[in-house]
Amino acid sequence: SKQAQLMEVLKKEVRAMLIAAKAGLTPEQLEEQYMAMVCKPLPLHDLGFQSTLELVTQMPEVVRICSSKNGGLILKAIADDSTKGIARLVANQKVKIRKPSKKTATKANATFPTKNSKNPQSFQTLSARTPVLPATMKAELQDLLSSSPLLLADLDKAFLRRFGRVFQYRQYGFLSVFEVLRSMSDSIAIEQTKAGSLLVLRKYLASRIEQKEVLQGEVEEEEVLQGEVEEEEVSQGEAQEEEMSQGEAQEEEMSQGEAQEEEMSQGEAQEEEMSQDEAQEEEMLQGFEQFPPTPEIPPDAVQDRSLCSLPPLKRRCLVGVIVEFIVSPSQFYIHICSREASYKLQDLMFEMRHVYSHKVASDKYIMPESAVRPGQLCCVMVSKWWYRVIIHRVINDQEVEVFYADYGHLQIVQKSWLRFLKWHYLKLPAQAIPCSLAWVKPVEGTWSSAAVLLFKHLCRFKELVAIVDEYVDGVLYLFLCDTSTKEDIYFHSVLRDMGYADVCGENIPSQEFEELNPSALYVQPSGKQGNAGVVEPDLRLQQESRDSDSDTATLKLDGAEL
């Protein structure tokens, strides 16, 4: 029956979600995780259940219900034969997260073994890295503190009041708010006051010092100005006495002028009659020649330009990445992890919000209907933030579908939310890189929902190590590895062991990207990938591999050649 089929699929999804959570999940957390990953609530009513707890009690071979220290319930996965290996790797995950050491690059200096290599692992274990906040979350925290400092005790309430949702830092891998603040210590400072810990933007601290200096200068200028005003009042008094003596002479001249004004008024009456006739004729002409005015487009508005992509990465280099948006293992988008890139994107978002939040500026860049067309680069406001987008298609008179060049996803938005992009905001290349997992293909021809769900769990809000393989039709094919565990976890191996993927040793063009690749449609390549335009980014995780006699690198995992 349909219910039985739905139940079997749900069991696989629940097991995958619980296996990825080392400490287990509460029923409420399971509901949230399922909603976040599948974008719909658990199908309780479709299966005839009233609650999540009632559902999991009917999955004794999948879920183990445990008691927590505070008396609550924790749901943990029961691994089957195909998932025991994954469960063991997750159980070995380190609870204590170390900061990246200076020796990271040295430890990452592992070769890509050739077929003759005796080393059963692809790379030496890399040091674990701290969790990473998404750029939008960092921007929200900075925005929250931009108006005034905030007590740490009031952070949760202020965040909820400002953005309409709870600050769920744990879902990004942080164990406490202090870990979050430490990760943003370059932009947020903590001051100890009598009322408690005070969160202050470092920019705000710098501006306070500047304001004190400016105020001191203004006080000095004000004293000088007051002295000048007093001198001016004295001089004005002398001038008034002189004007009174001159006024008596002017009265005599005015009596003569009145006679001349009477003669002029008669002439002006005749001229006024003539001007009225001319005005009537002009109105008649305008009635035939007047057309509706067209809105004037600002000279710095982008009309026929495209964003450029980031320079291609060198083959076989190691790069720190965050997966931003996932459709499947064959279609996802990444951000390069580098302090410089993160700051540039945050600064761009802050500047765009500052500029477009002013009504005069916002109205100036309103797009006329003629400019709302597929391929047009512009910006859109969503939840008070402005993003660079490209119009993909016009849905109707009110809506369009846009592609987020810095994040990789498509979304339907209102036309009224769109604005011309200022020319200045073209400088930063599109930050989202279209990617596909290297050397794998789905077992069933297309990726199952359980496979996609597992891949999302593996990637979720973590800084990962990517091993660049090659570019195919503008799509970056790479291997992904989670190094925050005792044993490095390679995602292609996980998908293979779970029975979701076959490792084929070559890159099969992504069917999803062949159907639609917005980056290839709308983003201008930074250079031909086959020529000498390849650039190595300055990243702490990147390490050029040692010279190898073989043109291709063979990765080995668990002692088995892929």
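Observations
- With 22 Å as the limit on Cα-Cα distance, the pairs of K12/K441; K2/K22; K12/K456 that go past it are K2/K22.
- K415, K314, K69, K384, ranked by accessible area, largest first (probe 1.4 Å): K69, K384, K314, K415
- Note on segment 415-497: with charges restricted to the Cβ of Lys and Arg (+1) and Asp and Glu (-1), its dipole about the Cα centre is near 700 debye.
- Computed accessible area, I188, all protein chains, 1.4 angstrom probe, square angstrom: 10 Å²
- Charge dipole of segment 330-402 (Cα centre as origin; +1 on each Lys and Arg Cβ, -1 on each Asp and Glu Cβ, all else neutral): 200 debye, rounded to the nearest 20.
- Estimated inter-spin distance, I395 and I78, nm [label 7 Å along Cα→Cβ]: 4.4 nm
- Size descriptors for segment 136-206, from the alpha-carbon set: Rg then Dmax equal 11.5, 32 Å.
- The modelled label-to-label distance between K314 and R373, using points 7 Å beyond Cα along the C-beta direction, is 4.3 nm.
- In this structure the amide hydrogen of D469, modeled in the peptide plane, comes within under 5 Å of the amide hydrogens of R316, Y477, L478, F479, none closer than 5 places in sequence on its chain.
- Unit charges at the beta carbon, dipole of segment 136-206: most positive-side option, V180, L198, F163: F163
- Dipole magnitude for segment 2-78: about 280 debye, using +1 per Lys or Arg Cβ and -1 per Asp or Glu Cβ, origin at the Cα centre.
- Rounded accessible area of R165 (nearest 10 Å², 1.4 Å probe): 90 Å²
- Checking the cross-link pairs K359/K384; K314/K462; K359/K422; K203/K462; K76/K486; K138/K203 against a 18 Å limit on the alpha carbon distance flags K314/K462; K203/K462; K76/K486 as lying beyond it.
- Residue-level accessible surface for Y169, protein heavy atoms, 1.4 Å, Å²: 40 Å²
- Solvent exposure, largest accessible area first (probe 1.4 Å, DNA, RNA and ligands not counted), of S68, S526: S526, S68
- Furthest towards positive pole of dipole, F461, Y356, L345, structure part segment 317-522, Cβ charges: Y356
- Spatially, segment 364-387 and segment 292-340 are offset by 16 Å when compared through their Cα centroids.
- Spatially, segment 1-42 and segment 473-492 are offset by 24 Å when compared through their Cα centroids.
The values are calculated or read from the model by the stated rules, or taken from the named source; none is laboratory data. Source: prediction; values computed, not measured. Glycine also receives a Cβ, built like all others from the backbone with ideal geometry; neighbour counts cover every protein chain displayed. Accessible surface areas use protein heavy atoms only, side chains included; no ligands, DNA or RNA. Shrake-Rupley method; radii C 1.70, N 1.55, O 1.52, S 1.80 Å.
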